[in-house]
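Right, one structure below, let's go through it.
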Amino acid sequence: MSTALTESYARGAQTPPLIEQTLGAFFDAMVERFPEREALVVAHQRRRYTYRQLQAEANRLASALLRLGLKPGERVGIWSHNNAEWVLMQLATAKAGLVLVNINPAYRTAEVEYALNKVGCRALVTMPRFKTSDYLGMLRELAPEWAHASPGEPLQSQTLPQLQHAIWIDVAGEGADEPGFMRFSDLIQAGEAQDERLPQVARLLHNQDAINIQFTSGTTGFPKGATLTHRNILNNGFFIGEAMKLTEADRLCIPVPLYHCFGMVLGNLAVLTHGGCIVYPNDAFDPLAVLQTVQDERCTGLHGVPTMFIAELDHPRFKEFDLSSLRTGIMAGSPCPIEVMKRVQSEMNMGEVTIAYGMTETSPVSCQSSTDTPLDKRVSTVGLVQPHLEIKIIDPETGRTVPVGERGEFCTRGYSVMQGYWEDPQRTAEAIDAEGWMHTGDLATMDEQGYVNIVGRIKDMVIRGGENVYPREIEEFLYRHPKVQDVQVVGVPDQRFGEELCAWIIVKPGQQLTDGEVREFCKGKIAHYKVPRYLKFVPEFPMTVTGKIQKFKIREVMVAELGLVQDQTA
């Protein structure tokens, strides 16, 4: 930014231009540039693909999906942790004009039933089982009729009336058949000869067609299906990679889930738009597998949410691994503690780590630091607005843009904003205003250079005795305590003050910490009303599969434990 800003509004660079191709067309062009470069390594499946091999498998799968009778615009679900089949489905559905529906692997019967029926999935690809989750068992519970289905015939079920094909991810030639389900290996075999419709479909596709539906996990009510286009996620992936200065020489370790934008856009698409190599260390997060894979595959980048980086840094075997190949990566998904960011840079060799901020509805990234952002800005902000986007911070009550330095609601506009929530015009209109601005619900500030700092959620702000208290500020302070590994602060009801503060603290391994020590640490350093009244030492936080802390659950637990009652007059 050449001139100092006075208002909290910024517009991103207009170069390089936006990509106006579909994902399939762009990927095919990348294959022609780097046919023999490694595109995908899946450590836990022991599988490797060059760009040409990945293209061939994606084309086979796209042909097979068309042969099932699926038509462009129809929805296909994927319910799985990270594996080669996931990225093949991402590419194949894009090429066949189908809309890939990401289903959270943590979902149970009622949630998966809602998701499949909400968007009318015609087909579903699922992993059979994972740890305590029996995905095939849950589907059989929903659709007992499938047990008597004839192989190859469309499925029928009262509970899942629109779902006609269910495919399980198998190891070819292994395991018993599953009645009612087709094997993934048989499906892809059916696409051996390319379907003649595939090139025709490709020619008719438009980059503003829907390509992906992601369910946003609201803390109340049913999840909403954010509908994203080729243009949304392909461009976002490209500009994320640009901020990381990715090239075809980069190898990015992706331990974050693919069903979420972090894995499939900040991970897969950031890499594939730059000719680099995607590396999956395991099907789900395991800190040891991450460290081993980074070393074995000489990864140059690593993604993660703060809790993942903390788990890697504090693993008892951390010092055994050679992480010297690392250069960059992204920490995102939830507020990034400054102290953790500093350790990642110094102890993991990630001097060019960046922070990204966004939401599913904006494909997802709106702001990102780059590899050369000054260190103080890189550890204390989420960077600058991304190219071809506009951002502003507004007073949620009046809608006016606030002066630089003032808190307000973060809003963004541009190519990244979703088409809308699937078949939900009312909730779409609540989120995207008449001028195209997406209202995020996040509280932020902007400095004179345009750097943005996320200070919390509007809903998370605690009002204690008339004082506005921002949990993020207190978390950042408590992170400085040498015995604190992780901390979350929430507001809980209080008869006298309306709300009081409660901190849940995870203590570093081998350390002991008391209430008194924490209070002494706060004394004289932060205002008395910011010192949490309630402290609880816990081994872990309630989290979503993507590593987002579920603060509402912390609040619920404390309300129940303490027998608190919301003062109706407060």
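The values are calculated or read from the model by the stated rules, or taken from the named source; none is laboratory data. No experiment lies behind these values; they were computed from the predicted model shown. Every residue, glycine as well, gets a Cβ built from its backbone with ideal geometry; the counts of neighbours run over all protein chains shown. Note: areas computed on protein heavy atoms with side chains; ligands, DNA, RNA excluded. Shrake-Rupley method; radii C 1.70, N 1.55, O 1.52, S 1.80 Å.
Our summary of shape: the Cα atoms of the range 291-404 have principal axis extents of 55, 27, 25 Å, ordered from largest down, in whole angstrom. Taking 0.36 nm per residue of separation and subtracting the Cα-Cα distance, full extension of the segment from F318 to E556 would add 82.2 nm.
Give me the extension gain from R46 to A110: residue separation times 0.36 nm, minus the current Cα-Cα distance, reported in nm with one decimal. Working shown, then result.
Details: separation 64, 0.36 × 64 = 23.04 nm, distance 3.42 nm.
Gain on stretching R46 to A110: 19.6 nm.
With both partners inside the chain, how many of the DSSP beta bridges are antiparallel, as a percent to the nearest 5? The answer is about 60 percent antiparallel. Each label was represented as a point 7 Å from its Cα along the Cα-to-Cβ direction; for H206 and T6 these points are 4.2 nm apart.
The Cα center of the range 267-309 and the Cα center of the range 405-436 differ in position by 31 Å. Couplings for the range 173-183, taken from phi via the Karplus curve 6.51 cos²θ - 1.76 cosθ + 1.60 with θ = phi - 60°, read x, 10, x, 6, 5, 10, x, x, 10, 8, 6 Hz in order; Gly and Pro are left as x. Restricting the calculation to Cα atoms, the range 494-570 yields a radius of gyration followed by a Dmax of 14.3, 45 Å.
State in Å² the accessible area per residue of the chain; use a 1.4 Å probe, count heavy atoms of protein chains only, and round to the nearest integer. Don't skip to the answer; put the middle values down first.
Working: 23050 Å² over 570 residues.
Spelled out: the 1.4 Å probe surface of the chain, per residue, equals 40 Å².
How big is D for the range 73-114, in µm² s⁻¹ as a whole number, if Stokes-Einstein is applied with the Kirkwood radius of its Cα pairs at 25 °C and 0.890 mPa s? All intermediate terms of the calculation are to be shown ahead of the outcome.
Values: Rh = 10.9 Å.
Rounded to a whole number, D works out at 224 µm²/s.
Determine by what factor the alpha-carbon radius of gyration of the chain differs from 2.2 N^0.38 Å, reporting the quotient. Working it through for the chain, the quotient is 0.97. Taking the protein heavy atoms of the chain in the context of the full set of protein chains, the accessible area attributed to carbon and sulfur is 50 percent at 1.4 Å. Of all beta bridges that DSSP places with both ends in the range 12-128, some 30 percent have antiparallel geometry.
Would you mind getting me the FRET efficiency between I526 and E423? Use the beta-carbon distance for r and R0 = 51 Å, nearest 0.05. Intermediate values should be presented prior to the final figure.
Values: r = 47 Å, r/R0 = 0.92.
In this case the efficiency is close to 0.60.
Summary of the geometry: the range 507-570 and the range 361-390, compared by the centres of their Cα atoms, lie 30 Å apart. Using the rule -39500 (n - 2.57) for each DSSP H run of four or more residues, divided by the residues of the chain, the 222 nm mean residue ellipticity is -8000 deg cm²/dmol. Is any residue of the range 110-130 close enough, with backbone N under 18 Å, to a label point placed 7 angstrom from the Cα of H148 along the Cα-Cβ axis, and if so, which? Hits in the range 110-130 for H148 at 18 Å: none. Tabulate in residue order the Karplus-calculated ³J(HN,Hα) for the range 46-55, using 6.51 cos²θ - 1.76 cosθ + 1.60 with θ = phi - 60°, rounded to whole Hz; enter x for Gly and Pro. Per residue, the Karplus-derived 3J(HN,Hα) values read 6, 10, 9, 9, 7, 4, 5, 5, 5, 4 Hz. With 30 Å as the limit, the listed pairs K131/K553; K245/K551; K245/K392; K245/K548; K131/K530; K245/K319 have K245/K551; K131/K530 beyond it between alpha carbons. When the Cα positions of I458, P532, V484 are compared along the charge dipole of the range 453-561, I458 comes out farthest toward the positive end, with charges on each C-beta of Lys, Arg, Asp and Glu.
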